[in-house]
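Structure, as structure tokens:
The values are calculated or read from the model by the stated rules, or taken from the named source; none is laboratory data. The model shown is predicted, which means the values in this text are computed figures rather than measured ones. All Cβ positions, glycine included, derive from the backbone under ideal geometry; neighbour counts span all protein chains shown. The protein model used for the area step is the full one, side chains on, heavy atoms only, and it has no ligands, DNA or RNA in it. Shrake-Rupley method; radii C 1.70, N 1.55, O 1.52, S 1.80 Å.
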Amino acid sequence: MFKTGSKLFLGLSGFAAFNLVAYVIFVERLAIGGVALSLVFAALTGLAAIVLLINEGDNERQPRDAALIGASLWPLTTVVGIVLLILGLIVAQIYFILGIVVVLAALAEWLVQAWSESASDDPAHNESARQRLLHPIEFPVIATLGLGVVIFSFSRIMLAISKSAGAVSFIVAASLVLLIGALFALRPALKPALVSGICVIGAVGIVAGGIAGAGIGLRSDLAEAAEEGHYLHRECGVEKSKYFDKKAMKNLSLRSNAAAIVELRDGKLSAIMVGFNTPQQLITASRANPVTFIFRNFDPTERRLVASLGNAMAGAPAAESDGEEADHAGKNETCTQLIPKGAEQALTIKYNKPTIAQTEPFTLTVPGVAGQSIEVLVP
Amino acid sequence: MKVRRLTSRYLGPRSLAASGSLLLLASCATNAPQDTWQPKGPNAKMIDDLQQPVFAVAGIIGIIVAACVGFAIWRYKDRGQPIPEQTHGKPALEVSLTVIPALILAVVGVFTFRAIFDLARTDDTQLVINVTGQQWWWEYDYPVQNEWGITQPIISSGQLVLPIGTKVLLRETSRDVIHSYWIPALNGKRDAVPGRVHTLRLQADAPGIYAGQCTEFCGLSHANMRMEAVALSDADFAKWVANQQAAYQAPAEGTLAKEGESVFLNQCVRCHQVSGLKRADGSLAIAAPDENVWSGAAPNLTKLMTRNTFAGAMFNLLRDACRDDVWRAESAAFGEKYLGGVDESCLNVNDLRAWLRNAPEVKPMYANPALLTDTNGKYRGMPNLGLSESDIDKLVAYLLTLK
Ligand SMILES: [Cu+2]
């Protein structure tokens, strides 16, 4: 009647019951804790009843054959993964993701290993069964990781050295690869040790270069461009920065938040908004909540979108933006960069005061395109 | 209705039994405004048409599986019999047990995908309403849409008013944390996420009130963040729109309401906008919720008494009898009753006064000035303003004019 399994669950149920009583008496007759402990007790009692009913956990009757089970690295790897996972929750998301990958990979390997070990009585056959199943996955994954490291290292080198040195080193590296490849092809009799030696030296060289490159950092013009707000740079006057990327629209997530897409097409400015079937000349934007406008230029000349931020009666700006607010020609406004035909850029603005508080309406305009203005109404 | 704390009175063994029987009772309630099985519009109907057959099929399969498991447990339990012959696999059985569920799922999948895509359509929209969630109430603003007579933005809270038989598109977002908009009778739920605009189709077949609830845990008063969709006939909706845009009428000089207006200017205007309200010097009173409230917004009270609820639809503005009168009205009579708004005889004066006396006591909110270090001194919710009873008298008189 009482086997190991049922004894375990009966013991646990007793322990839960004891806790429940102690909690209610000594801690608090509070809903959540008491209900939770009652549920734990109920669940354990239920399990004990099932185990009793089906006579599970009768280990004398079904001895386990332990002889075939070899040593395994996977339990350890799984634990390392779990530690990474927990660490990631506290420290940084990247460890969390890494943890998930390690845990899943280790569990998969562990599962297959455990399965293969009980596949037959012949360890050699078992090992080959495992390999047949896992090598087609393991090899491509390892190769991809290796390639990734090489490519990443190479990119660090290219970002650190000057543009022309980059071109030269790329040509040299490519020629070396070609030469050595040709050598291998022409001399099939070369010793395997030599071949792999050459490959390892090449890989180590690139990785070492990559580490050095990462240490040096970005070359100066790239660093400067980043500092100038390479991607989300805003200026209303003459462009001062030299390096910014006019076509970049870094914040992909902004696309899903667009209150409106403002298009300049055939000299006309209009707003496209989800839910409205025709282009609009009026945008209603909610108050005190950042709204994003995406500006698309279809005009052959470089254009920018200018958003007037209004003038609250108290004189303070009525809106905030993600860019530099410019007091440009006496106006309180913010702008996208000048962007060429086909490019797009986002502008995020928070209108804190309603339209009725403005002496002039909030507008979106494009300098040089006369008579086209979109009004932003803030209730 | 008063908010009571969960105390030991509610607990003990009785609570378990009670929640069990409640669950049982809830399954056969007739007056359940948030019942997901009672669609009242085409979008919800589409979901219902999917869930009914799936539920039936899944239920039958569930019963069969449970019966098989029970039979196997009982029939083959360990009675000390010898271990039976061990066979490995039975391909025909295994393949059919894989293929049949796969087929069922494939069929369900086809219809599910179709419904998902139909529910995601935005190109057939007839009316757009912006919906913004914040702790712990919903704001609605109606963008200018001349075809509906909306020539200036309308802003409201708590009750979403929409015309029947119209494909309404909500553009949802949030000012603080993630909320979720759900009117079970009209459609599924859709998260309102800060920094994103999500769309949700709504369409109601008949005039009436459809209740809902924020369904993404959003902090202290999540459970009190409710909403109602009010569907009106086209003609009634037009009347509602016209009234929402009507100019502000200041109370007559010398009335209690006029005194209330000046209390409002002193105490309330720093958070609440009443469009058209002027200060004593003739300048427009512009609220600054962005400077006082963490989410940056407080309900616009311009037309407070045209709504039936307040504070995230947690409280009724109408006394119970008047509210029942509106809720239970026949479709044809509903619009007129709803558009009547709230007058003095119907005002739920107790809850409104309690709110003005000490809001955080009746709705849990982070409004203790001593504890606002995380939010730079800004409130989440409405604080206790320490008003005197006579100020409250004046304010109630004033608020009654906002319709
Ligand atoms: Cu919420």
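Only residues that are open to solvent by less than 80 Å² (accessible area, probe 1.4 Å) and either in contact (Cβ under 8 Å) with a residue 24 or more places away in the chain or basic (Lys, Arg) (or both): list them for the range A:142-154, please.
Matches in the range A:142-154: A:Gly146, A:Val149, A:Val150, A:Ser153, A:Phe154.
Quick one: which residue in B:Asn348, B:Asn376 is open to solvent by 20 Å² or more (accessible area, probe 1.4 Å) and more than 30 Å from B:Trp240 (Cα to Cα)?
Criteria check complete, one pass: B:Asn376.
Spot the failing condition for B:Val144; the list is (1) within 12 Å of the ligand (Cβ to nearest atom); (2) without any contact (Cβ under 8 Å) to a residue 12 or more places away in the chain; (3) at the interface with another protein chain (Cβ under 9 Å from one of its Cβ atoms), and only one is missed.
(1)
Search the range B:129-141 for residues being within 16 Å of the ligand (Cβ to nearest atom) and hydrophobic (A, V, I, L, M, F, W, C), and hand back the single one that is nearest to the other protein chains (Cβ to nearest Cβ).
B:Val131
Could you please find all residues in the range B:177-201 being near the ligand (Cβ under 10 Å from one of its atoms) and either polar (S, T, N, Q) or open to solvent by less than 30 Å² (accessible area, probe 1.4 Å) (or both)?
B:His179, B:Ser180, B:Tyr181, B:Ala192 - these are the residues of the range B:177-201 that are near the ligand (Cβ under 10 Å from one of its atoms) and either polar (S, T, N, Q) or open to solvent by less than 30 Å² (accessible area, probe 1.4 Å) (or both).
Are there any pairs with C-beta distances below 7 angstrom linking a residue in the range B:209-229 that is within 13 Å of B:Ile183 (Cβ to Cβ) to a residue that is near the ligand (Cβ under 9 Å from one of its atoms) and assigned to a loop (DSSP other than H, G, I, E, B), with the two at least 6 apart or on different chains, and if so which?
Sorted first by the residue in the range B:209-229, then by its partner, the pairs are B:Cys214/B:Met225; B:Arg226/B:Gly312.
Looking at (1) away from chain A (no Cβ under 14 Å); (2) in contact (Cβ under 8 Å) with a residue 24 or more places away in the chain; (3) assigned to a loop (DSSP other than H, G, I, E, B); (4) within 12 Å of the ligand (Cβ to nearest atom), which is the one condition that is false for B:Ala204?
(4)
Which one is farthest from the other protein chains (Cβ to nearest Cβ), of the residues in the range B:209-222 that are buried (at least 20 other Cβ atoms within 10 Å of the Cβ) and near the ligand (Cβ under 8 Å from one of its atoms)?
The qualifying residue farthest from the other protein chains (Cβ to nearest Cβ) is B:Cys214.
Identify, please: which residue in the range B:158-171 is under 14 Å from B:Asn43 (Cα atoms) and outside any strand (DSSP E or B) and is, among those, farthest from the ligand (Cβ to nearest atom)?
B:Gly165
Determine whether the range B:330-342 contains at least one residue that is open to solvent by less than 50 Å² (accessible area, probe 1.4 Å), out of contact with any Phe, Trp or Tyr (no Cβ under 8 Å at 6 or more places or on another chain), without any contact (Cβ under 8 Å) to a residue 24 or more places away in the chain and part of a helix (DSSP H, G or I).
Yes, the range B:330-342 has at least one match.
Determine whether the range B:102-123 contains at least one residue that is within 16 Å of the ligand (Cβ to nearest atom) and under 25 Å from the mean Cα position of the chain (by Cα).
No, the conditions are met nowhere in the range B:102-123.
If we scan the range B:55-76, do we find a residue that is modelled with pLDDT of 90 or more, closer than 30 Å to B:Cys214 by Cβ and among the aliphatic types (A, V, I, L, M)?
Yes, there is a match, as at least one residue in the range B:55-76 is modelled with pLDDT of 90 or more, closer than 30 Å to B:Cys214 by Cβ and among the aliphatic types (A, V, I, L, M).
Taking the conditions exactly as written (within 12 Å of another protein chain (Cβ to nearest Cβ), part of a helix (DSSP H, G or I) and either surrounded by fewer than 18 Cβ atoms within 10 Å (Cβ to Cβ) or of a type in the set (S, T, N, Q) (or both)), does A:Ala36 satisfy them or not?
yes
For the range B:113-128, give me each residue that is at the interface with another protein chain (Cβ under 8 Å from one of its Cβ atoms) and closer than 18 Å to B:Leu162 by Cα.
Once the filter is applied, which keeps residues that are at the interface with another protein chain (Cβ under 8 Å from one of its Cβ atoms) and closer than 18 Å to B:Leu162 by Cα, the range B:113-128 yields B:Thr122, B:Thr125, B:Val128.
Which condition from (1) in contact with a helix residue (DSSP H, G or I) (Cβ under 6 Å, 6 or more places away or on another chain); (2) open to solvent by 30 Å² or more (accessible area, probe 1.4 Å); (3) more than 27 Å from B:His222 (Cβ to Cβ) is the one that B:Ala257 breaks?
The single condition B:Ala257 does not satisfy is (2).
Looking at (1) modelled with pLDDT under 85; (2) in a loop (DSSP other than H, G, I, E, B); (3) over 27 Å from A:Leu364 (Cβ atoms), which is the only condition A:Leu222 fails?
With respect to (1) modelled with pLDDT under 85; (2) in a loop (DSSP other than H, G, I, E, B); (3) over 27 Å from A:Leu364 (Cβ atoms), A:Leu222 is out only on (2).
Working only within the range A:283-303, note down all residues that are assigned to a loop (DSSP other than H, G, I, E, B) and over 31 Å from the mean Cα position of the chain (by Cα).
A:Phe298, A:Asp299, A:Pro300, A:Thr301, A:Glu302
Of all residues being open to solvent by 10 Å² or more (accessible area, probe 1.4 Å) and either more than 11 Å from the chain's Cα centre (by Cα) or closer than 21 Å to B:Asn146 by Cα (or both) in the range B:223-238, which is farthest from the ligand (Cβ to nearest atom)? Just the residue, please.
Among those that are open to solvent by 10 Å² or more (accessible area, probe 1.4 Å) and either more than 11 Å from the chain's Cα centre (by Cα) or closer than 21 Å to B:Asn146 by Cα (or both), it is B:Ala235.
Any residue in the range A:34-54 that's within 9 Å of A:Ser6 (Cα to Cα): show its pairings with residues that are crowded, with 19+ Cβ neighbours inside 10 Å at Cβ separation under 7 Å, as long as the two are six or more apart or on different chains.
A:Leu47/A:Phe9; A:Ala48/A:Ser6; A:Ala48/A:Phe9; A:Ala48/A:Ser13; A:Val51/A:Gly5; A:Val51/A:Ser6; A:Val51/A:Phe9; A:Leu52/A:Ser6
For the condition more than 16 Å from the ligand (Cβ to nearest atom) and surrounded by 22 or more Cβ atoms within 10 Å (Cβ to Cβ), what is the one hit in B:Ile150, B:Ile155?
Result: B:Ile155 is the single residue among B:Ile150, B:Ile155 that is more than 16 Å from the ligand (Cβ to nearest atom) and surrounded by 22 or more Cβ atoms within 10 Å (Cβ to Cβ).
Of the conditions (1) within 12 Å of the ligand (Cβ to nearest atom); (2) more than 13 Å from every other protein chain (Cβ to nearest Cβ), B:Ser174 clears all except one; give me its number.
In the conditions (1) within 12 Å of the ligand (Cβ to nearest atom); (2) more than 13 Å from every other protein chain (Cβ to nearest Cβ), B:Ser174 misses (2) alone.
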